[in-house]
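J.: To start, I am sharing the structure in question, which I have written as structure tokens.
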Amino acid sequence: MKKIKRIIGAGLLFSLTGFYLLQQANSRINESRFLSYIINPAKQELKFYWKDKDGKNYLNFENLKLAVEKNNEELIFAVNGGMYKKDLSPQGLFIENGIMQTSIDTVEDGYGNFYLQPNGVFYLTGSNEPVICTTTNFENDGNIKYATQSGPMLLIEGKMHPRFNKGSANVHIRNGVGILPDGNILFAMSKEKVNFYDFASYFRQKGCKNALYLDGFVSRTYLPSKGWRQFEGNFGVIIGETKLKE
């Protein structure tokens, strides 16, 4: 009888373990739904762009590509880097080469995704350390090379934004950025329409503790190494990686 009980108990444990693993598998995000790119900021050249030396907005990746090529550089990767106003100026904070171009927006009750609190800031320090933090926790200590503000935060210290709902019907193309456990930067854009919950889950699944939403249906990515060359669009801030041509 004891032997039978042990067999039944082992079978039940096996069934529960199998059920748990199945639930875990079903809850995982299909990563093929997203175009992703990882940057090591200590070794790769990442810059934030808005206007050229003549004060003209770059607008899109094609114009940026032509501009950097004049400096004997190659555009490796580019993504629109945050929301913008009707005049294509950055919405909220924008710092370029250590100079604040637009000030931080601390309004808490505005309309739209940008104001879905908490929103946040993605920035690079003078030593190229990447940081993503909530707007309320942001401090400009004078050692910030680049910064862009957007919203909402996708992940805050490993936790999902409190306003995201699993199974939400609010779906769009989306792009965002997160910091990986090794300090590298993960950029991602959905290949199909997704809701905020699934998009944030992707970054959490990749190990990010903090991640920030950059923009929605207007999102585009230039990543020729993966066959993506989206030149259309009129943007405010563009985040791009370049390297000197050999």
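The values are calculated or read from the model by the stated rules, or taken from the named source; none is laboratory data. Just so we're clear, the structure is a prediction, and the values are computed from it rather than from any experiment. For neighbour counting, all protein chains shown are included, and Cβ atoms are generated from backbone atoms with ideal geometry for every residue, glycine included.
J.: If you take the residues of the stretch 70-97 that are surrounded by fewer than 19 Cβ atoms within 10 Å (Cβ to Cβ) and in contact (Cβ under 8 Å) with a residue 40 or more places away in the chain, which of them is farthest from Thr148 (Cα to Cα)? Write out each step before concluding.
T.: Here is the first cut: in the stretch 70-97, the ones surrounded by fewer than 19 Cβ atoms within 10 Å (Cβ to Cβ) are 70-74, 85-89, 97.
Checking the rest, the ones that are also in contact (Cβ under 8 Å) with a residue 40 or more places away in the chain come to 72-74, 85, 88-89, 97.
On the way: Asn72: 26, Glu73: 23, Glu74: 23, Lys85: 14, Leu88: 14, Ser89: 12, Asn97: 12 Å.
Among residues in the stretch 70-97 that are surrounded by fewer than 19 Cβ atoms within 10 Å (Cβ to Cβ) and in contact (Cβ under 8 Å) with a residue 40 or more places away in the chain, the one farthest from Thr148 (Cα to Cα) is Asn72.
J.: I've got another one for you. Filter the stretch 224-246 for residues that are out of contact with any helix residue (DSSP H, G or I) (no Cβ under 7 Å at 6 or more places or on another chain) and either farther than 24 Å from Lys51 by Cβ or crowded, with 21+ Cβ neighbours inside 10 Å (or both) and give the result.
T.: Pro224, Ser225, Lys226, Gly227, Trp228, Phe235, Gly236, Val237, Ile239, Glu241, Glu246
J.: Would a scan of the stretch 100-115 turn up a residue that is among the polar types (S, T, N, Q) and either in a loop (DSSP other than H, G, I, E, B) or modelled with pLDDT under 95 (or both)?
T.: Residues of the stretch 100-115 among the polar types (S, T, N, Q): 101-103, 106, 113.
When the remaining residues are screened for being either in a loop (DSSP other than H, G, I, E, B) or modelled with pLDDT under 95 (or both), the result is 103, 106.
Yes: the stretch 100-115 contains one or more residues that are among the polar types (S, T, N, Q) and either in a loop (DSSP other than H, G, I, E, B) or modelled with pLDDT under 95 (or both).
J.: Please state which one of Glu157, Glu192 is closer than 17 Å to Ser32 by Cα and either surrounded by fewer than 18 Cβ atoms within 10 Å (Cβ to Cβ) or basic (Lys, Arg) (or both).
T.: Working: Glu157 fails: closer than 17 Å to Ser32 by Cα.
That would be Glu192, the only listed residue that is closer than 17 Å to Ser32 by Cα and either surrounded by fewer than 18 Cβ atoms within 10 Å (Cβ to Cβ) or basic (Lys, Arg) (or both).
J.: Still on this model: Only one of Gly112, Gly120 is surrounded by 20 or more Cβ atoms within 10 Å (Cβ to Cβ), within 29 Å of Lys191 (Cβ to Cβ) and not acidic (Asp, Glu). Can you tell me which? Even if it seems obvious, please write down each step before you answer.
T.: Working: Gly112 fails: surrounded by 20 or more Cβ atoms within 10 Å (Cβ to Cβ).
Going through Gly112, Gly120 in turn, the sole match is Gly120.
J.: So in the stretch 163-180, with the set limited to residues that are closer than 23 Å to Leu223 by Cβ and out of contact with any Phe, Trp or Tyr (no Cβ under 8 Å at 6 or more places or on another chain), which one is surrounded by the most Cβ atoms within 10 Å (Cβ to Cβ)?
T.: Taking the stretch 163-180 first, the residues closer than 23 Å to Leu223 by Cβ are 171-180.
With out of contact with any Phe, Trp or Tyr (no Cβ under 8 Å at 6 or more places or on another chain) added as a condition, the list becomes 171, 179-180.
Working: Val171: 15, Ile179: 23, Leu180: 18.
Among those that are closer than 23 Å to Leu223 by Cβ and out of contact with any Phe, Trp or Tyr (no Cβ under 8 Å at 6 or more places or on another chain), it is Ile179.
J.: Within the set of pairs 6+ apart or on separate chains, which have a first residue in the stretch 130-144 that is over 21 Å from Asp109 (Cα atoms), a second that is of a type in the set (Lys, Arg) and surrounded by 14 or more Cβ atoms within 10 Å (Cβ to Cβ), and C-beta atoms under 9 Å apart?
T.: Ile132/Lys209
J.: On the given criteria, is Ser168 at pLDDT 95 or above, out of contact with any Cys (no Cβ under 7 Å at 6 or more places or on another chain), part of a loop (DSSP other than H, G, I, E, B) and closer than 18 Å to Phe77 by Cα?
T.: Details: at pLDDT 95 or above: yes; out of contact with any Cys (no Cβ under 7 Å at 6 or more places or on another chain): yes; part of a loop (DSSP other than H, G, I, E, B): yes; closer than 18 Å to Phe77 by Cα: no.
So Ser168 does not fit the description; no.
J.: Out of the residues in the stretch 200-218 that are assigned to a helix (DSSP H, G or I) and touching a residue at least 60 places away in the same chain (Cβ under 8 Å), state the one that is surrounded by the fewest Cβ atoms within 10 Å (Cβ to Cβ).
T.: Within the stretch 200-218, the subset assigned to a helix (DSSP H, G or I) is 200-205.
In the following step, the residues that additionally are touching a residue at least 60 places away in the same chain (Cβ under 8 Å) were identified as 201-202, 205.
Working: Ser201: 20, Tyr202: 25, Gln205: 12.
Here the answer is Gln205.
J.: I'm trying to understand the selection: among the residues of the stretch 134-154, which are under 21 Å from Ala200 (Cα atoms), crowded, with 19+ Cβ neighbours inside 10 Å and of a type in the set (Val, Ile, Thr)?
T.: Result: Thr135, Thr148.
J.: Touching a Leu at 6+ places or on another chain (Cβ under 8 Å) and within 24 Å of Ile38 (Cα to Cα): is that true of Leu88 in this structure?
T.: Values: touching a Leu at 6+ places or on another chain (Cβ under 8 Å): yes; within 24 Å of Ile38 (Cα to Cα): no.
No, not satisfied.
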